[in-house]
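The values are calculated or read from the model by the stated rules, or taken from the named source; none is laboratory data. Predicted model only: the values in this text are computed from it and were never measured. Glycine gets a Cβ as well: all are built from the backbone with ideal geometry, and neighbour counts include every protein chain shown. Protein only, heavy atoms only, side chains kept; ligands, DNA and RNA dropped before computing areas. Shrake-Rupley method; radii C 1.70, N 1.55, O 1.52, S 1.80 Å.
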Amino acid sequence: MLKISAMETLISRGIIDSYFGKLKSCLQLDAAIVGGGPSGIVAAYYLAKGGYKVALLDRKLSPGGGMWGGAMMFNDIVVQEEAMPIVQELALSYRPYGEGCYIVDSVHATAGLLYQATKAGATVFNCYSVEDVVYKQGRVGGVVVNWTPVLREGLHVDPLTLLSTTVLDATGHDCEIARTVARKNGVRLNTPTGGVAGEMSMDAAEGERTTVENTKEIYPGLFVSGMAANGVSGSFRMGPIFGGMLMSGRKVAGLMAQAIDAARKG
Ligand code: 48F
């Protein structure tokens, strides 16, 4: 039996050694995913499963974005038929409800996505806010991170940097990374306005369709998924139906994998 004082040191040393090892191993990434909502987590899962070095950063203590709460805190979500292969691959439980629709418990779904992404090898850093990107030679090449409490308190503390071949803006309705890249560097994005158009009001079916369609690379090295994809392109919100988010995450993982492979070949 360890002495109590030795046990306390062991606990602290274990966490410090492990955490900083994990952080050091993520200083150069294939994919940096900003935002741990459903589209970002699914992207992390597919990229990690493909053997890419991927970290997901979320400013909250509990990543999961808008999925935990279902609709109006009624904690169930709807997923349509087209996205069910992803639900099944991620081993989530579900039940049929109406034509072509399924219900999934939102707490189970969020926890399940996070479990599968981390199990596949994605590293999640919670309480990290991405406040900027690395921008070199006309490319986005990494993320600039700080502790969420530092930013919330308005403390004058400099950030750290994680370099990455690809960066995903999966920040949801606010499209934070796309906005920052356009504003700070005065560049045009590959969007209908060349900037961030902002989302439109609710049209669930159209919003679901365009979320997947608008999932793409919007600037060299910078990709968008989920609600951020519709936000940058000025398309509709869709509310608590989540198939589009899952399919957008899977699509963007494929696009990012192609870009990473191309960068490796030089
Ligand atoms: O909004 P969010 O859940 O993203 P999503 O994948 O899914 C949208 C749906 O939840 C829902 C919807 C469904 O049909 O419309 O809204 O597009 O999650 C975005 C995550 O990004 C984090 C934020 O805490 C949230 O968990 N986030 C936002 N900005 C930053 C950030 C930032 N600058 N740095 C780190 N995390």
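Worth a mention:
- Separation in nanometres of the label points that stand 7 Å from Cα toward Cβ, at residue 157 and residue 28: 2.8
- Restricting the calculation to Cα atoms, the stretch 19-99 shows an Rg/Rh of 1.04 when the hydrodynamic-style radius is the Kirkwood one.
- Using the Stokes-Einstein relation with a Kirkwood hydrodynamic radius computed over Cα pairs, the translational diffusion coefficient of the chain at 25 °C and a viscosity of 0.890 mPa s comes to 130 µm²/s.
- Of the DSSP H helices in the chain, those whose Cα atoms cover at least 18 Å axially and whose Kyte score averages -1.0 or more: 4-24, 106-120, 243-265
- Segments 138-147, 51-60 sorted - mean Cβ within 10 Å per residue, highest first: 51-60, 138-147
- For residue 20 and residue 107, the FRET efficiency from 1/(1 + (r/R0)^6), where r spans their Cβ atoms and R0 equals 30 Å, is about 0.45.
- Over the chain, dividing the summed -39,500 (n - 2.57) contributions of all DSSP H runs of at least 4 residues by the number of residues returns a 222 nm mean residue ellipticity of -13000 deg cm²/dmol.
- Note on the stretch 186-266: with neighbouring protein chains present and a 1.4 Å probe, carbon and sulfur make up 53 percent of its accessible heavy-atom surface.
- Rounded to 0.05, the FRET efficiency of the residue 7 and residue 132 pair, given R0 = 41 Å and the Cβ-Cβ distance, is 0.50.
- Considering only beta bridges that DSSP places wholly inside the chain, some 55 percent are antiparallel.
- Pairwise label distance in nanometres, residue 262 with residue 185, each label 7 Å out on the Cα-Cβ vector: 1.6
- Spherically averaged projected area of the stretch 128-256 from its Cα convex hull (nm²): 8.0
- When a 1.4 Å probe is rolled over the protein heavy atoms, the share of accessible surface on the stretch 21-146 that falls to carbon and sulfur comes to 55 percent.
- Tail beyond 21 Å, pair distance distribution of the stretch 1-158 (Cα, percent): 56
- Interchain or long-range residues, amide H under 5 Å from residue 216's placed H: 224
- Think of each Lys and Arg Cβ as +1 and each Asp and Glu Cβ as -1; about the Cα centre, that makes the dipole of the stretch 141-226 roughly 340 debye.
- 3J(HN,Hα) along the stretch 150-157: 4, 5, 5, 7, x, 6, 8, 10 Hz, from the Karplus curve 6.51 cos²θ - 1.76 cosθ + 1.60 with θ = phi - 60°, whole Hz, x for Gly and Pro.
- Entry for the stretch 27-67 at q = 0.16, 0.20 Å⁻¹: log10 I(q)/I(0) = -0.36, -0.55, Debye formula applied to identical alpha-carbon scatterers, no solvent contribution.
- Residue ranges 39-47, 61-69, 82-90 sort as 39-47, 61-69, 82-90 when ordered by packing (mean number of other C-beta atoms within 10 Å per residue, highest first).
- Taking the C-alpha atoms of the stretch 1-55, convex hull volume expressed per residue in Å³: 119
- Using θ = phi - 60° in the Karplus curve 6.51 cos²θ - 1.76 cosθ + 1.60, the 3J(HN,Hα) couplings for the stretch 126-132 round to 8, 6, 9, 9, 8, 9, 6 Hz; x is entered for Gly and Pro.
- Rounded to the nearest 20 debye, the dipole magnitude of the chain is 920 debye, with +1 charges on Lys and Arg beta carbons, -1 on Asp and Glu beta carbons, and the Cα centre as origin.
- Averaged over residues, the count of other Cβ atoms within 10 Å places the peptides 150-159, 122-131, 173-182, 217-226 in the sequence 217-226, 173-182, 122-131, 150-159, highest first.
- Residues of the stretch 147-244: accessible area per residue with a 1.4 Å probe, Å²: 45
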